[in-house]
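Every number here is computed from the coordinates shown, using simple stated rules; none is lab data. Being a predicted model, the structure only gives us computed values, none of them experimental. A quick note on method: Cβ atoms are made from the backbone with ideal geometry, for glycine too, and the neighbour counts reach across all protein chains shown.
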Amino acid sequence: MTKTQTIIEQTERYSAHNYKPLPVVITAAEGVWMTDIEGRRYLDCLSAYSAVSHGHGHPRLLRVMHEQIDRLVVTSRAFHNDQLGPWAQELCELCEMEMALPMNTGAEAVETAIKIARKWGYLVKGVPKYDAKIIACRENFHGRTTTIITISTDELYREDFGPFTPGFEVIEYGDADALEAAIDENTVAFLVEPIQGEAGVRLPPEGYLRQVRELCDKHNVLLIFDEIQVGLGRTGKMFCWQHEDAKPDLITLGKALGGGCVPISACVGRRDILGLFRPGEHGSTFGGMPLSCAVSREALRVLIEEDLTEKARLQGEKLRRGLESIRCPQIKEVRGKGLLLALELEPGKWTARQVCEALQEEGILCKETHETTIRFAPPLIIEDAEIDMIIKATKKVLET
């Protein structure tokens, strides 16, 4: 039995089966490259669902991480620490917002947004107590907590996990008319991804983000953009909402916020909204821990100083052109923005999983989304030669 088989068998026996990973065991990584336990190298085309936008083990992030570990790792929020305040200011300035609340995971950031939107609805908008409604979109992915799966339309996330949380309505994605029809006097927020990542990199119609911004203003409804996967340079803009200048009232961030080194997330927004929280109403033992904040501060500096947003735009254009040049009748379309791209297949010879497994044999690691979508989202530091490798390998697989 190989080392890979041994580890996979051990994992399958002792770890709950809540994921279905590709049959590869990673033991080391650097930059855009990962190495498995047998010593084989692979080009990372998933970036841990955008968490590793900076590349694996970015030297600047590791340096800060090591320095902070030697000084102070966690305090809880029972005390102040010397990293949270500067982190919050720097993140707010980058987001053009006024206040940030740190958490650990993307789902926690979304839960934060849901809670404060309801509180704002009762205290500011005047919605009757506990009648607040939040609107979301079909095929969304905002997390898997028992509250958030209420708005999921994927039965895999919901089956056997009810009863579900009241106070939500789900509409079609990309349909501004559906949003306006769903808004009533008790609506406090519209929660939406500017690009739906887990649904298969689904883009809304041009102008949709501006339309929903205008509708939320018209009806005094908070606009919450979930940019956990698409924010921080991934789509060729620092934030995806900037493609249409549709600034939200609240934004949720995560994944790349920790530079691929530490878990950290945030709900960032206006002071008159997030300022409604009172001490003790919401929090997290590890949220805002000095280690995470220190690494996140450096991750934001790296994003700006190394111009990773522009790299995502340029390399994304090159990768898209390459994928569009593949001659395979099963390819339906290539879509996305920046370095968040999807290759959509018609039913036929290949499933998306089979393509990902074939690409693994070619030294390319990406991941299927549903049955027909292959997502390409390499680290934003990727260079031309590595883009060429992705295109060449994908052509080899799909043109046979």
So, in nm, how far is label E30 from label T146 when the simple model puts each one 7 Å beyond its Cα toward the Cβ?
4.7
So which chymotrypsin sites (Phe, Trp or Tyr not before Pro) in segment 97-155 pass both tests, a DSSP loop state and at most 11 other Cβ atoms within 10 Å of the Cβ?
Y130
Trypsin sites (Lys or Arg not before Pro) within segment 285-342: DSSP coil, no more than 11 neighbouring Cβ in 10 Å
R327
May I ask you to list the GluC sites (Glu not before Pro) in segment 249-313 that are in a DSSP loop and have at most 15 other Cβ atoms within 10 Å of their Cβ?
E281
Ranked from fewest to most other Cβ atoms within 10 Å of their own Cβ, F79, F164, F190 fall in the order F79, F164, F190
Per principal axis, largest first, the Cα atoms of segment 204-259 extend in Å by 37, 21, 14
Table column - 3J(HN,Hα) (Hz), segment 241-252, Karplus curve with 6.51, -1.76, 1.60, x for Gly and Pro
5, 6, 4, 10, 6, 10, 4, x, 8, 9, 9, 9
Global size of segment 166-234 as Cα Rg and Dmax, reported in angstrom:
12.1, 36
Net charge near R327 (other residues with Cβ under 9 Å of its Cβ; Lys, Arg +1; Asp, Glu -1) is 0
Could you tell me the distance between the Cα centroids of segment 192-210 and segment 245-314, to the nearest Å?
21
Quick one: how many lysine pairs in segment 59-305 have C-alpha atoms under 27 angstrom apart, if they're 8 or more apart or on different chains?
22
Tell me the label-point distance for the pair Y122, E399, using the 7 Å Cα-to-Cβ offset, in nm and rounded to one decimal.
6.1
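Would you mind calculating the relative contact order of the chain from Cα pairs under 8 angstrom and at least 6 residues apart, reporting the percent as a whole number?
Answer for the chain is 22 percent.
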No other cysteine beta carbon under 4.7 Å away is the test; run it over the chain and list who passes.
C92, C95, C137, C216, C240, C261, C267, C293, C328, C356
Bins of 5 Å, beginning at zero and ending with the bin holding the largest distance: percent of Cα pairs per bin for segment 182-333, please.
2, 8, 13, 18, 18, 16, 12, 7, 4, 2, 1, 0
With charges set only on the Cβ (+1 for Lys and Arg, -1 for Asp and Glu), what does the dipole of segment 59-305 come to about its Cα centre, in debye to the nearest 20?
780
Averaged over every viewing direction, what's the projected area of the C-alpha convex hull for the chain? Give it in nm², one decimal, please.
20.3
Solution diffusion estimate, µm²/s, Stokes-Einstein, segment 195-236, Kirkwood Rh from C-alpha pairs, 25 °C, viscosity 0.890 mPa s
211
I need the semi-axes of the equivalent ellipsoid of segment 330-382: take the C-alpha gyration tensor, multiply each eigenvalue by 5, square-root it, list largest first in whole angstrom.
18, 14, 7
With runs of 4+ DSSP H residues as the only contributors, calculate the mean residue ellipticity of the chain at 222 nm using -39,500 (n - 2.57) per run, divided by the residue total and rounded to the nearest 500.
-10500 deg cm²/dmol
Farthest toward the dipole's positive end in the chain, which of G39, G197, A342, given Cβ charges of +1 (Lys, Arg) and -1 (Asp, Glu) about the Cα centre?
G39
